[in-house]
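J.: Questions regarding the structure given below will be posed in turn.
The values are calculated or read from the model by the stated rules, or taken from the named source; none is laboratory data. What you are looking at is a predicted structure, and each value in this text was computed from that prediction instead of being measured. We place every Cβ from the backbone using ideal geometry, glycine too, and count neighbours over all the protein chains shown.
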Amino acid sequence: MKESINRIGAIFLKELQDLKSNMGVLIMYILPIAIVILYRSFLEDMPPGFILGFGLLFIFGLIGVYGPAINLAEEKEKKTLEVLILSPAKPLEIITGKGLMFFVTTSLSGLVISFLSGVTPMNIWLVILGGALVLATCIFLGMIVGILTPNQTVAGTVVTPVYMVLLLFPLLSMGQENIIATISRALPTRYFFNIVLFLTDFPEITELNLFSHFLFLSVSFVVSLFILIIVFRFRGLPYK
Amino acid sequence: MIEVNGLKKNYGEKVALKGIDFSISNGEIFGLLGPNGAGKTTTLKILTGQLLPNAGTARVMGLEPWAKRDLLRREMGILPEETNHYERLTVMENLQIFRRLNGVSMDGLKEILKDVDLEAHQKVKAKKLSKGLKQRLLLARALLHKPKVLFLDEPTSGLDPSSASNIHSLLKKLNGEGITIILTSHNMEEVDRLCGRVAFLDEGEIVARGNPQDLKRSYGKNKLEVMVEENGSRKLHVLDLNGEESGEKLKNWMNEGRVLTAHSIEPSLADIFIQLTGRGKNERINK
């Protein structure tokens with residue numbers, strides 16, 4: 001067990017070191033933060049709760065989905081995953097280390113966004129819990145794409161619509177009753193966005209069934225984890 | 001150390017290995033020779049537990065590589081054909097990953113850096129290293145956990161003669177320390193310099209095996225290159241020393257005082273390979 005934790009830690013540190021010099025991924029971390037700063041500076045009428053919700057969705061979706069998908073695809077493409085597989089690290093330890101790195105760094109970026117948005121939600125622990133569930137779900141989806149796609153180009157092509165739907169549909173469906181609103185009812189990001197808006201006194205959301213929203217987030221988390229396990233068991237961590 | 005019996009591997013319709021047998025003793029440097037597609041890399045992948053054979057058995061240190069790959073990987077170092085290091089990381093960072101994964105001490109890492117002569121480059125990003133240094137980095141990574149057996153897939157492919165020579169010296173040193181080395185190559189000179197025994201693979205079959213010197217004696221035809229004066233100019237003749245007419249020709253030239261120079265030509269492993277497989281040199285060797 002201790003050896004396994006050490007190996008997960010080794011993968012975690014490796015991903016962290018790689019992140020430092022990977023400008024493409026670093027921009028993904030900076031972009032949502034920069035947009036929150038711009039919104040706060042130039043769109044003074046925009047409710048801070050909206051900025052917070054948008055910023056968190058932006059970064060959770062962008063890094064949560066793109067990060068693991070591109071990372072796994074790049075390792076396959078450059079044949080570095082083969083070296084990890086040939087090391088004492090087990091495939092489960094490899095994806096756990098990678099997932100943890102994206103979870104921790106994205107959570108920290110989420111904290112920065114929360115600070116910059118200028119609003120402190122009521123029951124902040126509910127936002128943290130909801131955010132953790134959504135982020136983990138996004139990371140699981142990203143890993144599924146990363147496992148199933150052969151290279152970065154294909155991973156990017158597959159993951160872009162997934163990310164766009166997760167980010168934009170909850171925003172576009174606000175106050176609407178159309179196909180987008182119908183689809184967004186199946187998206188965990190919509191429920192998390194609503195939770196953030198409700199807890200930051202967003203004028204248009206005065207009532208919210210928090211239990212059902214958290215239930216949906218939990219179900220999304222379990223379903224995406226289940227699919228990841230199935231894909232992982234079926235495909236393993238293919239490195240060719 | 002390694003026992004291979006009747007090993008077969010198919011990729012769909014394509015037959016990569018047709019039932020090969022060989023054994024490698026502890027402390028040997030064993031070479032698998034052959035052109036691209038001969039089955040060398042497939043053999044290595046089976047021996048390192050990356051591929052499951054369709055038939056036959058393979059044992060490395062008494063263990064079945066596929067079933068016991070987790071256990072064996074602690075005892076084996078692998079240098080793949082591709083230079084697959086983390087390009088954005090430095091030499092030290094690249095090695096640190098595998099030091100942590102293998103539970104090796106920092107002292108062990110420093111020792112390896114010294115052995116492969118990469119100490120001066122430890123803070124250089126891998127993408128900025130020359131091809132020779134990249135190969136050293138891969139070798140350092142393969143040696144980090146002090147393996148008992150080293151699998152090298154084309155260890156000097158694409159290297160200049162000086163870098164290749166440095167790698168050869170290092171491999172001889174490692175073998176001197178007791179590490180068993182199995183290398184694949186289509187560079188016959190490299191194998192001739194390094195290996196105690198070789199096996200020629202062609203289209204998934206072993207077509208010859210043995211000590212390089214013995215193979216040269218068995219399969220090679222010794223020749224003599226004779227420069228002869230003819231009508232005021234010089235002409236080069238190559239005589240087959242086993243040929244019936246060669247002795248007579250040489251005797252006549254000697255008697256006539258026309259022989260200017262004479263050199264023996266030893267057969268090379270490349271010559272033997274061409275002879276064994278009957279393929280053209282350009283197609284066969286320069287791939």
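J.: With the condition being more than 16 Å from the chain's Cα centre (by Cα) and closer than 30 Å to residue B:36 by Cβ, I'd like the helices (runs of 4 or more DSSP H) fully within region B:92-186 carrying at least 1 qualifying residues.
T.: B:131-143, B:161-176
J.: Looking only at region B:82-123, count how many residues are in contact with a Lys or Arg (Cβ under 9 Å, 6 or more places away or on another chain), of a type in the set (D, E, K, R) and within 11 Å of chain A (Cβ to nearest Cβ).
T.: Residues in region B:82-123 being in contact with a Lys or Arg (Cβ under 9 Å, 6 or more places away or on another chain), of a type in the set (D, E, K, R) and within 11 Å of chain A (Cβ to nearest Cβ): 5 in total.
J.: Output the residues belonging to region B:100-122 that are more than 28 Å from residue A:93 (Cβ to Cβ) and of a type in the set (Lys, Arg).
T.: The answer is B:114, and nothing else.
J.: So residue A:35 clears everything in (1) in a helix (DSSP H, G or I); (2) among the hydrophobic types (A, V, I, L, M, F, W, C); (3) within 13 Å of chain B (Cβ to nearest Cβ) except one condition, right? Which one?
T.: (3)
J.: Separate question: Suppose the filter is small (Gly, Ala, Ser), at positive phi and outside any strand (DSSP E or B); does residue B:247 pass it?
T.: On the way: small (Gly, Ala, Ser): yes; at positive phi: no; outside any strand (DSSP E or B): yes.
Answer is no for this residue.
J.: Which residue, of A:192, A:216, A:140, is at pLDDT 85 or above, surrounded by fewer than 23 Cβ atoms within 10 Å (Cβ to Cβ) and aromatic (Phe, Trp, Tyr)? Working first, answer last.
T.: Working: A:192 fails: surrounded by fewer than 23 Cβ atoms within 10 Å (Cβ to Cβ); A:140 fails: surrounded by fewer than 23 Cβ atoms within 10 Å (Cβ to Cβ).
After applying the criteria, what remains is A:216.
J.: Can you go through B:26, B:54 and tell me which one is among the polar types (S, T, N, Q), assigned by TED's automatic domain parsing to the domain that holds residue B:200, in contact (Cβ under 8 Å) with a residue 40 or more places away in the chain and within 17 Å of residue B:195 (Cβ to Cβ)?
T.: B:26
J.: A further question on this structure: When you look at residue B:45, is it within 14 Å of chain A (Cβ to nearest Cβ), surrounded by fewer than 24 Cβ atoms within 10 Å (Cβ to Cβ) and more than 22 Å from residue B:193 (Cα to Cα), yes or no?
T.: yes
J.: Among the residues of region B:140-159, which ones are touching a helix residue (DSSP H, G or I) at 6+ places or on another chain (Cβ under 7 Å) and under 15 Å from residue B:170 (Cα atoms)?
T.: Once the filter is applied, which keeps residues that are touching a helix residue (DSSP H, G or I) at 6+ places or on another chain (Cβ under 7 Å) and under 15 Å from residue B:170 (Cα atoms), region B:140-159 yields B:140, B:141, B:143, B:144, B:150, B:151, B:155, B:156, B:159.
J.: Okay, moving on. Testing residue A:184 on (1) of a type outside the set (Asp, Glu); (2) under 23 Å from residue A:232 (Cβ atoms); (3) in contact with a Lys or Arg (Cβ under 8 Å, 6 or more places away or on another chain), one condition comes back false. Which one is that?
T.: The one condition residue A:184 does not meet is (2).
J.: Further, regarding this structure: Name every residue in region B:1-22 that is among the aliphatic types (A, V, I, L, M) and assigned to a loop (DSSP other than H, G, I, E, B), in order of residue number. I'd like the intermediate steps shown before the answer.
T.: Taking region B:1-22 first, the residues among the aliphatic types (A, V, I, L, M) are B:1-2, B:4, B:7, B:15-17, B:20.
Hit for region B:1-22 is B:1, nothing else.
J.: Considering A:16, A:26, which residue is touching a residue at least 24 places away in the same chain (Cβ under 8 Å) and out of contact with any strand residue (DSSP E or B) (no Cβ under 6 Å at 6 or more places or on another chain)?
T.: A:16
J.: List the number of the failed condition for residue A:121; all other conditions in (1) assigned to a loop (DSSP other than H, G, I, E, B); (2) surrounded by fewer than 17 Cβ atoms within 10 Å (Cβ to Cβ) hold.
T.: It fails just one condition, (2).
J.: Could you tell me whether residue B:36 is outside any strand (DSSP E or B) and either touching a residue at least 40 places away in the same chain (Cβ under 8 Å) or buried (at least 18 other Cβ atoms within 10 Å of the Cβ) (or both)? Outline the logic, then answer.
T.: Values: outside any strand (DSSP E or B): yes; either touching a residue at least 40 places away in the same chain (Cβ under 8 Å) or buried (at least 18 other Cβ atoms within 10 Å of the Cβ) (or both): yes.
Yes.
J.: Okay, next question. Restricting to region B:58-74, count the residues that are part of a loop (DSSP other than H, G, I, E, B) and within 11 Å of chain A (Cβ to nearest Cβ).
T.: Total meeting the criteria: 2.
J.: Residue B:285 is checked against (1) at pLDDT 75 or above; (2) under 29 Å from the mean Cα position of the chain (by Cα); (3) hydrophobic (A, V, I, L, M, F, W, C) and fails just one. What number does that condition carry?
T.: (1)
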